[in-house]
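The values are calculated or read from the model by the stated rules, or taken from the named source; none is laboratory data. Here the structure is a predicted model, which means the values were calculated and not measured. Using ideal geometry, Cβ is built from the backbone for each residue, glycine included, and neighbour counts are taken over all protein chains shown. Only protein heavy atoms, including side chains, enter the accessible area calculation; ligands, DNA and RNA are left aside. Shrake-Rupley method; radii C 1.70, N 1.55, O 1.52, S 1.80 Å.
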Amino acid sequence: MKTLRLVLGDQLTRELASLKDIDRERDVILMAEVADETVYVPHHPQKIAFIFSAMRHFAKRLKGEGFQVEYIKLDDPDNSGSFEGEVARGIDNHGARKIVLTEPGEFRILAMMQGWAEKFGIPVEIRTDDRFFCDRAGFARWADGRKQLRMEFFYREMRRESGFLMDGDAPAGGQWNYDSDNRKPLPGGLGLPRRARFEPDEITREVLALVRERFKTHYGTLEPFGWGVTRADALVALDHFITACLPSFGDVQDAMKQGEPFLFHALLSPYLNCGLLTAREVCERAELAYRADLAPLNAVEGFIRQILGWREYVRGIYWLKMPDYAETNALSAGRKLPDFYWTGETKMNCLHQCVSDTMQNAYAHHIQRLMVLGNFALLAGIAPREIEAWYLAVYADAYEWVELPNVHGMVLYADGGLLASKPYAASGAYIDRMSDYCKGCVYDVKHKIGEKACPFNILYWNFMIKNEPALAGNPRMAMPFRTLHAMDEERRHKIEVEAEAFLAGL
Ligand code: FAD
Ligand code: DLZ
Ligand code: SF4
C-alpha cells in the first residue's frame, strides 16, 4: 500500500521508527518547512535556520540513498503553511493510501495527527519514538503508584536498566551521583577550549538568505551562524566535546563567566533534539572516555545523568501530565514578561549578560537558564505562559517536551512541586558565588535593601513573604523561613515596598 511518511524537523534520524520498513520504490517521504511551525512562537532566527538547513541536508542524504523524498520549502508557491495542508497535498499528489508517522515532540501536534485518520479517510499509524531510553509507556509504569516522582530514583532505575556506569549491580565508583563535586566556581586563569564551529555551505547560505528576509522581526542574531547541520558535523561536535571539554565538564558545571557563554558545556542539545545525534551514542562515548581514563568519574557521571536522567525524566513527565500540566499555576504568578528578556536592556548585569548570550548564540547553559533568567522569572512572578513562550522561542534546542517541564516545573514551581522538591529560588549571593557578573553591575550584591541593593536580594525575600502560605509546609524551605521569621516587621515591610516599586518599574 503506497504510504506517505512525514518526517518532522526534529526527526532527522536515519533509524527513525517511521522509516524502518520503508519501501524505496513505493513510499514517499514528506518533509515540509511550514509557516505555522515558524511563528507559533517567534523563534530565534538561528533556530529556524538550523532546523531548515538540517532538514534540507537530511532530505538530500535520503535522496542520495535512493528514497523518494518530497521536500517542501517555505517559499514554494503552493506551500499551504501547515503540516495538515502539506499532508493533504502529499496524499493527493502521490495517491497515498496510508500515513506512517513517528510520535512528535509536542502535544499540540500529536493531537492534530490523531485527527488525521478521520480527516483524510486513510489509516494513520503513529509509532513510538524509540530514540529515547524510556518510552511513554515505560515512564507511566515507573510512575504508577509512586507518591513522588523524583528524578534521582528514576535515574538509578535507568542506570540499572541501561547498564551505563555500572560495575555489576553497583554504580561505578560506589556512588550514584557526584553532583556535590560539580559546583565549583571557575578558578582564575583556567584555559577554555575553542568551540567547534561550522562554516555555512551552499545549502545553509540559501537558508540564511531566506531566514534573513522572512524573519526580520524575530529577536536574535542570525549571523555569524556556526551550528553544524549534518550528521557528520554533529559527530565532529561530539568528538570535540568528549576530547576537549568533558574532562573538565564536571567541576565547573554550574559556573558562569561574562563573555564566555559555553565554558565546558557540550553544546550538543540542538543535535540530540533534532535527531542528528542519538542519546545512546553520546552516553556511550562519555562512558568510554571514563573507562579509558580520559575523563574523571564526576564529569562523566554528571554528564550522563543530564541525558539518561534529566532528559528522559522531563520527557516522561511531559507526556504523563499533558495537557493539564501546562495549565497549573501553583504560585498564581501573573506578571507580564519584561521587554528586557528580548532586548537585554537592563541594568542588572547578570540578566543583561545572559539575555545577550542567548540572543547572540540561541544558547545559554543550564545555570544561566535556571539560576539567572529563570530565577528572576520565579521571583518576579512572571506568568508561566509568557516566560514559557520565551524559552521555547529563543533556544536552538527548544521543543515543548523538554522546554515545558524545565520551565514550568523546575524554574517556576508552577506544578506545585511535582518535578522539583522545592523552588530553585536564590538571592544575589548565589549568582555572585558562581559568576563574575556582579563585579560589572551597578547594583551591589552585598546590599540587601535600599537604592543600591541587588534586585535579586529584595525579590528573594519578597518572594518568601508572598509565598509563605504555599511554601511554609515544605521541610526543604524550613531554613529560609526561619531567617524570614527572625526579621523584624519594619524590615519585612521595607522589602515589600521596595519590591513593589521595582516590579512596577519593569
Ligand atoms: P550540557 O550542560 O553540556 O548537558 C549535556 C546534555 O544533557 C544536554 O545536551 C541535554 O541534552 C541534557 N540536559 C541537561 N540538562 C537537561 C535538562 N534539565 N533537561 C533535559 N535535558 C538536559 N534543554 C533542551 O534541550 N531544550 C530546552 O528547551 C531546554 N530548556 C530549558 C529551560 C530551562 C529553564 C532550564 C533550566 C533548562 C532547559 N534545558 C533545555 C536543559 C539544559 O539547560 C540544556 O539541555 C542545556 O543547557 C543544553 O546545553 P548543552 O548541550 O551544552 O548541555
Ligand atoms: C521548530 C520547527 C520549525 C521552526 N519549523 C519546522 C518546519 O517548518 N517543519 C518541521 O517539520 N518542523 C519544524 N520545526 C520543528 C517542529 O516544530 C517540531 O517537530 C515540533 O515542535 C514537535 O517537536
Ligand atoms: Fe545580578 Fe544582583 Fe549581581 Fe547585579 S548585583 S549582577 S543584579 S546578582
Worksheet item: If amide H atoms are built 1.01 Å from N in the plane of the peptide, which residues on other chains or at least 5 residues away come under 5 Å of the amide H of R127?
Response: L101, T102, E103
Worksheet item: Once amide H atoms are placed 1.01 Å from N in the peptide plane, what residues at a sequence separation of 5 or more from R335, or on another chain, have their amide H within under 5 Å of its amide H?
Response: I382, A383
Fill in: CD proxy at 222 nm, helix term only [per DSSP H run n ≥ 4: -39500 (n - 2.57); per residue of the chain; nearest 500]
-12500 deg cm²/dmol
Item to complete: Using a 1.4 Å probe and ignoring any ligands, DNA or RNA, find the accessible area of K452 and quote it in Å² to the nearest 10.
Response: 110
Worksheet item: Per the Kirkwood definition applied to all pairs of different Cα atoms, how many angstroms is the hydrodynamic radius of region 340-505?
Response: 16.4
Worksheet item: Quick one: how many Å² of T358 are accessible to a 1.4 Å probe, rounded to 10?
Response: 0
Worksheet entry | Using θ = phi - 60° and Karplus 6.51 cos²θ - 1.76 cosθ + 1.60, couplings along region 376-389 (whole Hz; Gly, Pro as x) | 5, 4, 5, 5, 7, x, 6, 4, x, 4, 5, 6, 5, 4
Worksheet, complete the sentence: For region 459-471, Karplus-derived ³J(HN,Hα) couplings (6.51, -1.76, 1.60; θ = phi - 60°; whole Hz; x for glycine and proline) come out as 5, 4, 6, 4, 4, 5, 5, 5, 9, 4, x, 7, 10
Response to the item:
Given a Förster distance of 45 Å, the FRET efficiency implied by the Cβ-Cβ spacing of R14 and D167, rounded to the nearest 0.05, works out to 0.85
Worksheet, complete the sentence: Computed over the chain: longest principal axis from alpha-carbon atoms vs helix 45-64 long axis, angle to nearest 10 degrees, is 30
Discussion item. Between L294 and D239, what is the label-point separation in nm under the 7 Å Cα-to-beta-carbon projection?
Written reply: 1.0
Practice prompt. Please give the solvent-accessible surface of R491 in Å², to the nearest 10, using a probe radius of 1.4 Å with every protein chain present.
Written response: 90
Worksheet item: Over the alpha carbons of the chain, what is the largest minus smallest coordinate on each principal axis, giving the biggest first in Å?
Response: 77, 53, 48
Worksheet item: Gap in Å between the Cα centre of region 472-506 and the Cα centre of region 315-346?
Response: 23
Practice prompt. Could you pull the Cα extents of region 40-183 along its three principal axes, largest to smallest, in whole Å?
Written response: 60, 35, 35
Fill in: Segment K347-K63, extension gain: residue separation times 0.36 nm, minus the distance between their alpha carbons
97.1 nm
Fill in: Sparsely packed GluC sites (Glu not before Pro) within region 352-447, loop by DSSP, other Cβ within 10 Å at most 14
none
Item to complete: Can you tell me the order of 244-250, 63-69 when each peptide is scored by its average per-residue count of other Cβ atoms within 10 angstrom, highest first?
Response: 244-250, 63-69
Worksheet, complete the sentence: A chain fully extended from D21 to N474 at 0.36 nm per residue, minus the present Cα-Cα distance, gains in nm 158.0 nm
Worksheet item: Tell me, what % of the accessible area of region 217-292 is carbon and sulfur with a 1.4 angstrom probe?
Response: 53
Practice prompt. Based on the mean of other Cβ atoms within 10 Å per residue, sort peptides 226-232, 111-117, 204-210 so the most packed one is first.
Written response: 226-232, 204-210, 111-117
Practice prompt. Could you do me a favour and compute the accessible area per residue for region 340-505, 1.4 Å probe, result in Å²?
Written response: 38
Item to complete: Could you tally the net charge around M477, taking each other residue with its Cβ under 15 Å from the Cβ of M477, Lys/Arg +1 and Asp/Glu -1?
Response: +3
Worksheet item: If one computes the Cα centroid of region 354-402 and of region 204-232, what distance in Å separates the two points?
Response: 20
Worksheet item: Can you count the Lys pairs in region 3-127 with C-alpha separation below 27 Å, eight or more apart or on different chains?
Response: 15
